[in-house]
């Protein structure tokens with residue numbers, strides 16, 4: 001049984017809940033990261049799934065071969081405690097995952113709220129920076145892309161990715 005709390009309900013941005021796959025993935029994420037995902041879901045205006053947390057080394061090798069990652073030393077590979085230290089939060093629209101940058105920015109803003117409340121250091125894969133209370137995802141991603149281009153390096157924008165720092 002749940003009891004309404006008008007003060008909390010006034011803050012809640014939505015009626016979203018994690019589905020079965022997201023809950024399974026949340027259980028393989030480090031508990032601190034998993035907690036931040038739940039808090040972000042509470043505050044986000046955009047529904048999202050916890051698309052992926054833990055990966056095997058074999059999957060990571062395949063993603064590297066497919067140029068969908070840049071490292072084998074991934075925070076998705078579980079540590080000695082069995083937990084992944086990274087997760088991918090993908091917008092969920094009309095019953096399916098969509099990789100749309102604008103929606104990812106909205107999820108990122110909710111993660112900023114979550115990490116500020118919990119005082120957790122989490123890095124955003126859109127620009128590979130730690131989230132801070134004044135974090136503007138669009139501006140930070142645009143600055144990251146410009147910086148990488150100035151360095152004559154290809155930017156790797158993974159705007160669904162979050163990892164413990």
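Some points to look at:
- Nearest 10 degrees, 0 to 90: helix 31-43 Cα axis against the chain principal axis: 60
- Of every Cα-Cα pair in the chain, the percent that sits beyond 30 Å: 15
- Peptides 104-111, 148-155, 50-57, 128-135 ranked from most to least packed by the mean count of surrounding Cβ atoms within 10 Å: 104-111, 50-57, 128-135, 148-155.
- Separation between Cα centres of region 28-55 and region 104-165, rounded to whole Å: 15
- The gain in end-to-end length when the residue 73 to residue 146 segment is fully stretched comes to 23.7 nm, 0.36 nm per residue minus the alpha carbon separation.
- Debye-sum result for region 69-127 in log10 I(q)/I(0), which assumes one identical scatterer on each alpha carbon, at q = 0.19, 0.25, 0.28 Å⁻¹: -0.89, -1.15, -1.18
Every number in this text was worked out from the coordinates using simple rules, so none of it is lab data. Quick caveat, the model's predicted, so the values are computed rather than measured. Reconstructed Cβ throughout: ideal geometry from the backbone, glycine too, with neighbour counts over all protein chains shown.
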